[in-house]
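Notes follow once the structure below has been shown.
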Amino acid sequence: MKSRVLRKGLKTYLYLNRRIWDRLPDSLRLGFPGRVYGRHLHSVVCNHAERNQNHSTFFLRNRPELQLMGRLLGEKAIASTLELSVLACSKGAEVYSILWAIRSGRPDLRIHTNAIDISRSIVEFAERGIYSQKTADADTKDATWKDQPLSIFERLTSRELEAMFEIDGTQAKIRPWLKEGITWSAADVSDPGLANQIAPQDIVVANRFLCHMEPIAAERCLRNIARIVKRGGLLFVSGVDLDVRTKVARSSGWQPVEEMMREVHEGDVSLSNGWPLEWWGLEPFCRDLPDWNLRYASVFRIG
């Protein structure tokens, strides 16, 4: 009885505060009082949310992130081969987007890609690389629209759609050159044996899934993931509770990549729009904090 009353009270509290937040002008939301108020609301949401995994995604979801990856690869002395892992690869949109961005700028590289997700059925769907352009409806049999409130193609231009896909009626098929060198597998990346299964990687991408885990589990998983990054390699990790990422980065001595930090932090509007009233929402970039360069970095050099 008591817990039911508390849940009802919390629901009412968040409903009222959502109405207040929605009416605040941007000048107040982004100012100091608004950030303090927003962080309070976000902490309440995170402490009481029932988190769950979600397979919603987009092609070219965070353009600044892809641009930065290309720049860093341009600086990195890689003779011919890049070892890349994309964790929680979901429907494959992030895998194919990354390979499109890298191969467009570095066609000289041979790329060995590990694409991993905990769901075997979603990995098999991603490996096929065939997506429906139909609108979402109950008759859609494939996974294109699974957990997908908006089209997975929403952030693509018509030219990019043509470059990445072969269009066959209502189906969009990933072009063969983007599918080369990918090893698809179903695995739990929080498994302590992960480092025994995957050789050290030049780049590990662990985006937009740790926020769906409870903080203790997310911290343990993030530390485990870092073990597969080569010394001096790069870890891309966004879509995670910032307190968790900051704690792990500080205690592990990770070096934040400050180039394009703000652009990458703000590059996925769906995360920014979810703050502060969704557990996966991402707080606004703020240089006023003493640890801002560690807190808002989405990319780290490991070791």
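A compact table of results
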{"quantity": "Rounded to whole Hz, the Karplus (6.51, -1.76, 1.60) HN-Hα couplings of region 119-133, x for glycine and proline", "calculated": "9, 5, 5, 6, 5, 5, 5, 4, 5, 5, x, 10, 10, 8, 9"}
{"quantity": "Evaluated at q = 0.07, 0.08, 0.14 Å⁻¹: base-10 log I(q)/I(0), Debye formula over Cα of the chain", "calculated": "-0.28, -0.37, -1.12"}
{"quantity": "Nearest 10 degrees, 0 to 90: helix 2-23 Cα axis against the chain principal axis", "calculated": "80 degrees"}
{"quantity": "Amide N proximity, region 79-102 versus His112 label position 7 Å along Cα-to-Cβ, cut-off under 17 Å", "calculated": "79-87"}
{"quantity": "Protection proxy ranking, peptides 278-290, 193-205, 23-35, average beta carbon neighbours within 10 Å, highest first", "calculated": "193-205, 278-290, 23-35"}
{"quantity": "Three-way shape call for region 148-303 based on the alpha-carbon gyration tensor, with the a/c threshold at 1.5", "calculated": "oblate"}
{"quantity": "Pairs beyond 31 Å (Cα-Cα), from Lys146/Lys179; Lys179/Lys230; Lys8/Lys91; Lys146/Lys247; Lys8/Lys134", "calculated": "Lys8/Lys91; Lys146/Lys247; Lys8/Lys134"}
{"quantity": "Peptides 9-21, 216-228, 174-186 ordered by average Cβ neighbours within 10 Å, highest first", "calculated": "216-228, 174-186, 9-21"}
{"quantity": "FRET efficiency for Arg120 and Leu16, using Cβ-Cβ distance with R0 set to 41 Å, rounded to 0.05", "calculated": "0.45"}
{"quantity": "Within region 160-290: Cβ-based charge dipole about Cα centre, in debye rounded to nearest 20 (Lys, Arg +1; Asp, Glu -1)", "calculated": "620 debye"}
{"quantity": "Residues Ile216 and Leu30, FRET efficiency given R0 of 45 Å [Cβ-Cβ distance, rounded to 0.05]", "calculated": "0.90"}
{"quantity": "Extension gain (nm, one decimal) between Leu150 and Arg262, 0.36 nm per residue minus Cα-Cα", "calculated": "37.8 nm"}
{"quantity": "Rounded to whole Hz, the Karplus (6.51, -1.76, 1.60) HN-Hα couplings of region 219-236, x for glycine and proline", "calculated": "5, 4, 5, 5, 5, 5, 4, 4, 5, 9, 8, 4, 4, x, x, 10, 10, 9"}
{"quantity": "Amide H within-cut-off set for Asn114, under 5 Å, with H built and near neighbours excluded", "calculated": "Leu84, Ser85, Val86, Thr183"}
{"quantity": "Rg/Rg_globular for region 11-104, with Rg_globular taken as 2.2 N^0.38 Å and Rg from C-alpha atoms", "calculated": "1.59"}
{"quantity": "Anisotropy class of region 202-246 from Cα gyration tensor, a/c 1.5 cut", "calculated": "prolate"}
{"quantity": "Listed peptides 113-124, 81-92 by packing density, highest first (mean Cβ within 10 Å)", "calculated": "81-92, 113-124"}
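Every read-out reported here was derived from the displayed coordinates using simple, explicitly stated rules and does not represent laboratory data. The shown structure was predicted, so the numbers you read here are calculated from the model rather than taken from an experiment. Cβ atoms come from the backbone with ideal geometry, glycine included; neighbour counts cover every protein chain shown.
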